[in-house]
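The values are calculated or read from the model by the stated rules, or taken from the named source; none is laboratory data. Everything numeric in this text was worked out from a predicted model, so none of it was measured. Backbone-built Cβ (ideal geometry, glycine too); neighbour counts: all protein chains shown. Remember, those area values only see protein heavy atoms, side chains included, never the ligands or the DNA or RNA. Shrake-Rupley method; radii C 1.70, N 1.55, O 1.52, S 1.80 Å.
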Amino acid sequence: MSFFKKLKDKFAGNAEEEQSTEKYKEGLEKTRTGFTSKINDLVAKYRKVDEDFFEELEEVLLQADVGFETVIELMDDLRYEVQRKNVRDTSNVQSVISEKLVEIYQAGDAELNEINFADGLTVILMVGVNGVGKTTTIGKLAHRFKNEGKSVMLAAGDTFRAGAIEQLDVWGQRVGVDVIKQAAGSDPAAVMYDAVRSAKSRGVDVLICDTAGRLQNKVNLMNELQKVHRVISREVPGAPHEVLLALDATTGQNAMIQAQTFKDVTEVTGIVLTKLDGTAKGGIVLAIRNKLKIPVKFVGLGEKLDDLQPFDPQKYVYGLFAEGLDKEEQLEEGSADK
């Protein structure tokens, strides 16, 4: 059974999941246009799977920012799988690549993609440099959680960037949630203290906290985040339950550097990859997961409120190969009808 057929069977009859799969297909169009066309060119050039084919395939994957370590692992797995399944025709390779990419991403702990909700108040700390779409992500997360029936509150902890408090306030009004804030230049830890106390007293389910995104001084960043951590955990033992790092997918390998920096200064539990629909190098998802061992929890696939989608490795890989996998399925169905 083809990769796409398995995916379709998994979500058959579930309109929400089918719609989400379609969002991945649309959101990854830029990556797919470059990536798939190169794969198709390879398939046309090499009718048989041989070492020359593998070498050129390796180059295509590297150009999509899949990452060196991930590509090497994938190529080793592919060579083994092609030999095991006796795949000789290059037109049958896409499905094998798809399955191996999902396996590499999941690596036995797929459940880490889920948000770690607490029994009482769940506190989510959002970190990331300025300009990556952090505030927009907070607004979209608030919208998603509210639609799931949860009560949500926001904390305007980025008190340094001009306009950050006002921007979060606008998002709060847009999605209909309260925003706890103080004057610009206030101590972020004091804002967090007020927000946690307020969320507890009102019986709020989820508190999402914005933070400053200045990377000029790693020591200052670390001290600031540690102080915020201490204030939150003192009021809510075990919190923050998630530290989500917002990264701009369009920055490619620079996003990897940012991820490593934040990983060095705080315990990042997951990544929100924004603007994935705006890049031709969507392979960065796999590089982040495989090299940094941090799960991607959400991806931005467009401008709409519901275009921030929970990350699903199968839907993501389908988005990378959609046309080719659809074609494989049609060929399978055609041969079955004969």
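For the structure I just gave you, tell me whether Lys5 is touching a helix residue (DSSP H, G or I) at 6+ places or on another chain (Cβ under 9 Å), open to solvent by 50 Å² or more (accessible area, probe 1.4 Å) and modelled with pLDDT under 85.
Answer is yes for this residue.
Return yes when Leu325 is more than 10 Å from the chain's Cα centre (by Cα), within 17 Å of Thr31 (Cα to Cα), part of a helix (DSSP H, G or I) and at pLDDT below 85 and no when it is not.
When the stated conditions are applied, Leu325 passes them.
Within the stretch 290-299, does at least one residue satisfy the condition of being open to solvent by 10 Å² or more (accessible area, probe 1.4 Å), closer than 24 Å to Arg214 by Cβ and assigned to a loop (DSSP other than H, G, I, E, B)?
no
Got at least one residue in the stretch 102-120 being open to solvent by less than 70 Å² (accessible area, probe 1.4 Å) and farther than 30 Å from Val206 by Cα?
Among the residues of the stretch 102-120, at least one is open to solvent by less than 70 Å² (accessible area, probe 1.4 Å) and farther than 30 Å from Val206 by Cα, which makes the answer yes.
Inside the stretch 300-310, can you point out the residues that are under 17 Å from Glu148 (Cα atoms), open to solvent by less than 20 Å² (accessible area, probe 1.4 Å) and not in a helix (DSSP H, G or I)?
Of everything in the stretch 300-310, those that are under 17 Å from Glu148 (Cα atoms), open to solvent by less than 20 Å² (accessible area, probe 1.4 Å) and not in a helix (DSSP H, G or I) turn out to be Leu308, Gln309.
Restricting to the stretch 83-94, and then to whatever is under 21 Å from Tyr318 (Cβ atoms) and at pLDDT 80 or above, can you tell me which residue is most open to solvent (accessible area, probe 1.4 Å)?
Among those residues, the one meeting the criterion is Lys85.
Of all residues being among the small types (Gly, Ala, Ser) and touching a Ser or Thr at 6+ places or on another chain (Cβ under 8 Å) in the stretch 184-227, which is modelled with the lowest pLDDT? Just the residue, please.
Only one residue tops the list, namely Ala212.
I need a count of the residues in the stretch 152-181 that are open to solvent by less than 60 Å² (accessible area, probe 1.4 Å) and in contact (Cβ under 8 Å) with a residue 12 or more places away in the chain.
19
Of everything in the stretch 16-42, what is buried (at least 17 other Cβ atoms within 10 Å of the Cβ) and in contact with a Phe, Trp or Tyr (Cβ under 9 Å, 6 or more places away or on another chain)? Give them in sequence order.
Selection gives Ser20, Thr21, Tyr24, Lys25, Leu28, Arg32, Phe35, Thr36, Ile39, Leu42.
Kindly list, by first and then second residue, each pair from a residue in the stretch 70-83 that is in contact (Cβ under 8 Å) with a residue 24 or more places away in the chain to a residue that is open to solvent by 10 Å² or more (accessible area, probe 1.4 Å) and β-branched (Val, Ile, Thr), limited to pairs with Cβ atoms under 6 Å and residues at least 6 apart or on different chains.
Taking only residues 6 or more apart or on different chains, the pairs are Val82/Val49.
Can you tell me which condition Lys281 does not meet? The list is (1) under 22 Å from Ala156 (Cα atoms); (2) open to solvent by 70 Å² or more (accessible area, probe 1.4 Å); (3) assigned to a loop (DSSP other than H, G, I, E, B), and all the others hold.
Exception for Lys281: condition (1).
Which count do you get for residues in the stretch 183-198 that are closer than 16 Å to Ala162 by Cβ and open to solvent by 60 Å² or more (accessible area, probe 1.4 Å)?
So the answer is 2.
What residue, among those in the stretch 216-240 that are of a type in the set (A, V, I, L, M) and open to solvent by 30 Å² or more (accessible area, probe 1.4 Å), is farthest from Met192 (Cα to Cα)?
Ranking the qualifying residues of the stretch 216-240, first place goes to Val219.
Please name all residue pairs, on different chains or six or more residues apart, with Cβ atoms under 7 Å, provided the first residue is in the stretch 182-207 and is among the small types (Gly, Ala, Ser) and the second residue is open to solvent by less than 10 Å² (accessible area, probe 1.4 Å) and part of a helix (DSSP H, G or I).
Filtered contacts from the stretch 182-207: Ala189/Val228.
Six or more apart or on different chains, Cβ under 9 Å: which pairs go from a residue in the stretch 24-37 that's closer than 15 Å to Val66 by Cα to one that's assigned to a helix (DSSP H, G or I) and of a type in the set (Phe, Trp, Tyr)? Could you list them?
Leu28/Phe35; Leu28/Tyr316; Leu28/Tyr318; Arg32/Phe321; Phe35/Phe321; Thr36/Phe321
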